[in-house]
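Take a look at the structure below.
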Amino acid sequence: MPDMAGLSTTALLLVAFLIPGAVFVWSFERPAGRYGIGLRDRALRLMAASAVLLTLFARPIYVTYINYWDDILKR
């Protein structure tokens, strides 16, 4: 059976992948005003922005993972 990530690792990855989308949504809402103020609308925009940003940066993240994963594990 493969090693499963612990709760702390999973929470850290979730936060790391959602923070860019949250920052984008909040920085966009500041000058544009808040439209669709409901929690559902805001959550949908946050997840969509996170998905787009992760898609844009997937290649550099993968290259970093391949090149530096052994060094990270040694620490």
Filter region 49-75 down to residues that are closer than 28 Å to Ser27 by Cβ and part of a helix (DSSP H, G or I), then give me how many there are.
16
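Each row is one residue, and each column tells you yes or no for (1) at pLDDT below 75; (2) touching a Pro at 6+ places or on another chain (Cβ under 6 Å); (3) surrounded by 10 or more Cβ atoms within 10 Å (Cβ to Cβ); (4) closer than 16 Å to Leu13 by Cβ.
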site	(1), (2), (3), (4)
Arg30	no, no, no, no
Leu44	no, no, yes, no
Met47	no, no, yes, yes
Ile66	no, no, no, no
Ile72	yes, no, no, yes
Quick check on region 32-42: of everything there that is exposed (fewer than 10 other Cβ atoms within 10 Å of the Cβ) and assigned to a helix (DSSP H, G or I), which residue is modelled with the highest pLDDT?
Arg40
Yes or no: region 8-22 includes at least one residue that is aromatic (Phe, Trp, Tyr) and surrounded by 11 or more Cβ atoms within 10 Å (Cβ to Cβ).
yes
Among the residues in region 50-60, are any polar (S, T, N, Q), open to solvent by 100 Å² or more (accessible area, probe 1.4 Å) and at pLDDT 80 or above?
yes
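The values are calculated or read from the model by the stated rules, or taken from the named source; none is laboratory data. None of these values were measured; they are calculated from a predicted model. Using ideal geometry, Cβ is built from the backbone for each residue, glycine included, and neighbour counts are taken over all protein chains shown. Ligands, DNA and RNA are excluded from the accessible area calculation, which covers all protein heavy atoms including side chains. Shrake-Rupley method; radii C 1.70, N 1.55, O 1.52, S 1.80 Å.
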